Amino acid sequence: MFEKVKEMLEESLQINPEEITLKSELVGDLGINSLELADLVLTCEEKFDIEIKDEDIHKFVTVGDVVNYLTEALGE
């Protein structure tokens, strides 16, 4: 799952793959703004055919948080 999320960050937000780790903070380390975060959420929803609740988005602090959320949502 980490590789899939990393690929999405790389492709949709042009983030250097070397900067992306499970501990990378989306805002602090990768410089993602609120619009880009919303775009990432939409991309995840489309790619994995899930719905991410608005109240869950604030839980996405690190790349690992996104990976864990998607893993749980998909039951992997």
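Averaged per residue, what accessible surface does the chain expose to a 1.4 Å probe, in Å²? Write out the running numbers ahead of the final one.
Numbers: 4780 Å² over 76 residues.
Heavy-atom accessible area per residue stands at 63 Å².
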Original post:
FRET efficiency for Glu3 and Glu25, Cβ-Cβ distance as r, R0 = 22 Å, nearest 0.05?
Top reply: 0.70
Original post:
Share of the chain's accessible area from carbon and sulfur, percent, 1.4 Å?
Top reply: 47 percent
Original post:
So how much slack lies between Ala38 and Asp56, counting 0.36 nm per residue of separation and subtracting their Cα-Cα distance, in nm?
Top reply: 5.3 nm
Original post:
Tell me, what is the 1.4 Å probe accessible area of Glu45, in Å² to the nearest 10?
Top reply: 40 Å²
**OP:** Please determine, in degrees from 0 to 90 and to the nearest 10, the orientation of helix 34-48 with respect to the longest principal axis defined by the Cα atoms of the chain, where the helix direction is its Cα long axis.
**Re:** 50 degrees
Original post:
Using a cut-off of 19 Å between alpha-carbon atoms, which aspartates and glutamates can reach Lys6, once sequence neighbours fewer than 8 places away in the same chain are excluded?
Top reply: Glu18, Glu19, Glu25, Asp29, Glu36, Asp39, Glu45, Glu46, Asp49, Asp65, Glu72, Glu76
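The values are calculated or read from the model by the stated rules, or taken from the named source; none is laboratory data. Keep in mind that what you see is a predicted model, and the values were worked out from it rather than measured. As a convention, Cβ positions derive from the backbone with ideal geometry for all residues, glycine included, and neighbour counts pool all protein chains shown. To get the accessible areas, we keep the full protein, side chains included, count just its heavy atoms, and leave off ligands, DNA and RNA. Shrake-Rupley method; radii C 1.70, N 1.55, O 1.52, S 1.80 Å.
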